[in-house]
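Notes follow the structure.
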Amino acid sequence: MKKKLLLYSCLLAVAAIIITAVLINITVYRDFSDSMRESVRLDAVNISQAYGSYGEDYLETVEGDSSTYRVTLISEQGEVLFDTAADAESLANHADRPEVIAALADGAGESTRYSETLSRETYYYALAQADGTILRVAMTIDSVYASLLAMLPLMLLIVVAVFILSLLLASWQSRRIIRPINELDLDHPADNDIYPELAPLLGRLQKQNEQISAQMARLRQAQNEFAEITNHMREGFLIIDDKEEVLSYNKSALSLLDIAEIGETPQHILALNRSEELRGTLERVLAGESAECLLNIAQRKVRLLANPVVDQGQVKGAVLLLRDTTEQEEREKLRREFTANVSHELKTPLTSISGYAEIIANGLARPEDVPRFAGSIYDEVQRLISLINDIIKLSRLDEEEGLPQRQQVDLAGLAETVCERLEPEAARRRIMLERQIAPCSVSGIEQVLEEMVYNLVDNAIKYNRPEGQVRVALERQGAEAVLSVSDSGIGIPESEQERIFERFYRVDKSHSDNIPGTGLGLSIVKHGAMIHHAKISVASQVDKGTTVEVRFPL
Ligand code: ADP
């Protein structure tokens, strides 16, 4: 803009100079031409007076620049009698010259025309003399041009000086105009007060600034809301572009991908996880189809759901959702194992029952063996019933449905009752059942608590040796009720102690083969403890004994 302003100012100055110069020239030309005519007329009068006094001899003394100034004496008949510029005799008759005709008629005449003699545009002034002749003085117009030419260097000097001056002025002026515009405070247009002409523009800018600020505030709010929502999601959330670069993510995504943080610069998604599964899923989602996969990240199972973002038929990126499915997968695995185990556990007694029944039905059994076979069938059915009972109990604990309401349960009384119920069994095995039960009650489900105590004491008796001991103790320790069941039995190898709470798990089959059990007792204890927020610990030494401790919060 500054350059343009400068250019226009210069052009204006040049135009003004040219017009001024032309006008001056015209005026000066006019002045010169008028004064030239005036001086020619004056000269003519002077020469005429001198001619009147001294006659033709005077004319001989008149010096004229023969190329511009000329004096001619013409007879009444038009014959040239004398001429300063040419030989009079060689000149043609001048009777037809307008100035001569006018002088003959009126005493004086003038004319401007091309002179054959001087070969130039010439001004003629003719005066009639007392002797009847005509005295004519002539001057070429060239002389005016010559005077103008003489003025030219000065005029050029003025033109250059004016041009330089206008250039400097224009430059200064354009800077003066531009500077306030450059210094405009565009953040606060309304606070500027430079040119009234800029007021509408600044007003509009102010309005636009306000609109932009309002839009930015709305955008920020929407962004904050979005971040707030996504950051409170348990699911991981990632948006990637078509170059697989991460555009947006939430905190859960980072923790699920096991990453502390993503830097400021855009990251490629594969820099966060390089697994083959993710590569395959990205390939499919960026080809425009929804895809999912299971990622193994830091011993956790993370399910990834990917949906393409399509705009006008083109895949612009993808939205990825990550969900921790470790527990779900674990439960699924347990359920599968459970179903397989249940089928196996059911099949074994049923096969025996079917075998015995078949022998009896076919009449292959001797009559004296029939009661023994029937006894075996009875035992197997009992095993089946207790297995099915345990499965029912476990599944009720699993679902936590159909369980009675929690209430304050007298744990001491309950432990006493269980011990009394199992006393005959202990006595049968010649095992001493010792009790150290302090009064204590906890909040819980009586039926489940009874199952737990029963299974623990039952195990302590079952996996004991003849004439061994079982000690059931209950006491308050701070904010806990501690139930411990110790025995002097076969013990549990350290490597197995973790696994005894698994469903259907039984330590060393050969060891416990002749000890009836379903392998579900401790699973019920574990689940019961979970429901009551209690902690279980096992301390055991092979052939020395086992202590199982359950700590209930009060
Ligand atoms: P089971 O019906 O076989 O008793 P549990 O779940 O109650 O099933 O116990 C799982 C396994 O843990 C048992 O088979 C046994 O091998 C072992 N176990 C449990 N309690 C004891 C204990 N007091 N002493 C030794 N081994 C035990």
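Residues are listed down the side, and each one gets a yes or a no for (1) closer than 16 Å to Met36 by Cβ; (2) among the hydroxyl-bearing types (Ser, Thr, Tyr); (3) assigned by TED's automatic domain parsing to the domain that holds Ile17:
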{"position": "Leu104", "(1), (2), (3)": "no, no, yes"}
{"position": "Leu135", "(1), (2), (3)": "no, no, yes"}
{"position": "Thr140", "(1), (2), (3)": "yes, yes, yes"}
{"position": "Leu167", "(1), (2), (3)": "no, no, no"}
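Among the residues of segment 359-397, count how many are free of Cβ contacts under 8 Å to residues at least 60 places away in the same chain, in contact with a helix residue (DSSP H, G or I) (Cβ under 9 Å, 6 or more places away or on another chain) and open to solvent by less than 70 Å² (accessible area, probe 1.4 Å). Adding up the residues that qualify gives 12.
Can you tell me which residue within segment 471-481, out of those that are closer than 18 Å to Asn455 by Cβ and out of contact with any Cys (no Cβ under 9 Å at 6 or more places or on another chain), is most open to solvent (accessible area, probe 1.4 Å)? That would be Arg471. Does Leu238 fit the bill of being within 18 Å of the chain's Cα centre (by Cα), in contact (Cβ under 8 Å) with a residue 24 or more places away in the chain and open to solvent by 100 Å² or more (accessible area, probe 1.4 Å)? No: the conditions fail for Leu238. Looking at segment 442-461, is at least one residue open to solvent by less than 70 Å² (accessible area, probe 1.4 Å), modelled with pLDDT of 95 or more, part of a loop (DSSP other than H, G, I, E, B) and within 12 Å of the ligand (Cβ to nearest atom)? No: segment 442-461 contains no residue that is open to solvent by less than 70 Å² (accessible area, probe 1.4 Å), modelled with pLDDT of 95 or more, part of a loop (DSSP other than H, G, I, E, B) and within 12 Å of the ligand (Cβ to nearest atom).
For segment 310-332, filtering for residues that are part of a strand (DSSP E or B), farther than 17 Å from Arg234 by Cβ and open to solvent by 60 Å² or more (accessible area, probe 1.4 Å) leaves 4.
Of everything in segment 91-108 that's part of a helix (DSSP H, G or I) and open to solvent by 70 Å² or more (accessible area, probe 1.4 Å), which residue is nearest to Glu121 (Cα to Cα)?
Quick first cut of segment 91-108, residues part of a helix (DSSP H, G or I) only: 98-106.
Adding the requirement that they be open to solvent by 70 Å² or more (accessible area, probe 1.4 Å) leaves 101, 104-106.
On the way: Ile101: 19, Leu104: 23, Ala105: 24, Asp106: 24 Å.
Among those that are part of a helix (DSSP H, G or I) and open to solvent by 70 Å² or more (accessible area, probe 1.4 Å), it is Ile101.
Select from segment 335-357 the residues that are small (Gly, Ala, Ser) and within 60 Å of the chain's Cα centre (by Cα) and write down the one among them that is surrounded by the fewest Cβ atoms within 10 Å (Cβ to Cβ). Once the filter is applied, the top-ranked residue is Ser343.
In segment 397-444, which residues are polar (S, T, N, Q) and in contact with a strand residue (DSSP E or B) (Cβ under 9 Å, 6 or more places away or on another chain)?
Matches in segment 397-444: Gln407, Gln408, Gln436, Ser441, Ser443.
Yes/no per residue for (1) in contact with a Lys or Arg (Cβ under 9 Å, 6 or more places away or on another chain); (2) over 17 Å from Lys243 (Cα atoms):
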{"site": "Ala253", "(1), (2)": "no, yes"}
{"site": "Leu257", "(1), (2)": "no, yes"}
{"site": "Thr265", "(1), (2)": "no, no"}
{"site": "His268", "(1), (2)": "yes, no"}
{"site": "Val285", "(1), (2)": "no, no"}
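Of the residues Ala427, Ala415, Ala438, the single one that is more than 14 Å from the ligand (Cβ to nearest atom) and within 24 Å of His527 (Cα to Cα) is Ala415.
Residues in segment 248-305 that are open to solvent by 40 Å² or more (accessible area, probe 1.4 Å) and under 13 Å from Leu238 (Cα atoms): Tyr249, Lys251, Ser255, Pro266, Gln267, His268, Leu305. Condition (residue is assigned to a loop (DSSP other than H, G, I, E, B), more than 12 Å from the ligand (Cβ to nearest atom) and hydrophobic (A, V, I, L, M, F, W, C)) applied to segment 463-479: is it met by at least one residue? For segment 463-479, residues assigned to a loop (DSSP other than H, G, I, E, B), more than 12 Å from the ligand (Cβ to nearest atom) and hydrophobic (A, V, I, L, M, F, W, C): present.
Scanning segment 409-441 for residues that are within 19 Å of Leu554 (Cβ to Cβ), open to solvent by 30 Å² or more (accessible area, probe 1.4 Å), in a strand (DSSP E or B) and in contact with a Leu (Cβ under 9 Å, 6 or more places away or on another chain) gives Gln436, Ile437, Ser441. The residues of segment 265-290 that are part of a helix (DSSP H, G or I) and in contact with a Pro (Cβ under 7 Å, 6 or more places away or on another chain) amount to a single one, Val285. Per the listing Leu169, Leu149, the residue uniquely surrounded by fewer than 15 Cβ atoms within 10 Å (Cβ to Cβ) and in contact (Cβ under 8 Å) with a residue 24 or more places away in the chain is Leu169. Reported count of residues in segment 202-228, each being loosely packed, with under 12 Cβ neighbours inside 10 Å and among the acidic types (Asp, Glu), is 2. All but one of (1) more than 10 Å from the ligand (Cβ to nearest atom); (2) under 25 Å from Glu423 (Cβ atoms) hold for Val485; which doesn't? Checking Val485 against (1) more than 10 Å from the ligand (Cβ to nearest atom); (2) under 25 Å from Glu423 (Cβ atoms), the one that fails is (1).
What's the total number of residues in segment 241-264 that are assigned to a loop (DSSP other than H, G, I, E, B) and either under 18 Å from Ile229 (Cα atoms) or without any contact (Cβ under 8 Å) to a residue 60 or more places away in the chain (or both)? I'd like the intermediate steps shown before the answer.
Kept after step one, since they are assigned to a loop (DSSP other than H, G, I, E, B), are these residues of segment 241-264: 242-244, 250, 257-264.
From what's left, either under 18 Å from Ile229 (Cα atoms) or without any contact (Cβ under 8 Å) to a residue 60 or more places away in the chain (or both): 243-244, 250, 258-264.
Total meeting the criteria: 10.
Is there a residue in segment 73-90 that is free of Cβ contacts under 8 Å to residues at least 60 places away in the same chain, open to solvent by 40 Å² or more (accessible area, probe 1.4 Å) and part of a helix (DSSP H, G or I)? Within segment 73-90, one or more residues are free of Cβ contacts under 8 Å to residues at least 60 places away in the same chain, open to solvent by 40 Å² or more (accessible area, probe 1.4 Å) and part of a helix (DSSP H, G or I). Hey, could you check segment 17-38 for residues that are of a type outside the set (D, E, K, R) and free of Cβ contacts under 8 Å to residues at least 40 places away in the same chain and say which is farthest from Leu165 (Cα to Cα)? Within segment 17-38, the match that is farthest from Leu165 (Cα to Cα) is Ser35. One residue stands out among those in segment 185-201 that are part of a helix (DSSP H, G or I) and at pLDDT below 85: the one that is surrounded by the most Cβ atoms within 10 Å (Cβ to Cβ), which is Pro189.
Determine whether Gly55 is open to solvent by less than 30 Å² (accessible area, probe 1.4 Å) and without any contact (Cβ under 8 Å) to a residue 12 or more places away in the chain.
On the way: open to solvent by less than 30 Å² (accessible area, probe 1.4 Å): yes; without any contact (Cβ under 8 Å) to a residue 12 or more places away in the chain: yes.
So Gly55 fits the description; yes.
Listed conditions (1) open to solvent by 10 Å² or more (accessible area, probe 1.4 Å); (2) touching a Lys or Arg at 6+ places or on another chain (Cβ under 6 Å); (3) more than 9 Å from the ligand (Cβ to nearest atom) are all met by Pro553, apart from (2).
The values are calculated or read from the model by the stated rules, or taken from the named source; none is laboratory data. Quick caveat, the model's predicted, so the values are computed rather than measured. FYI the Cβ positions are ideal-geometry reconstructions off the backbone, even for glycines, and counts take in every protein chain you see. Areas reflect the complete protein model, heavy atoms only, side chains present, ligands, DNA and RNA absent. Shrake-Rupley method; radii C 1.70, N 1.55, O 1.52, S 1.80 Å.
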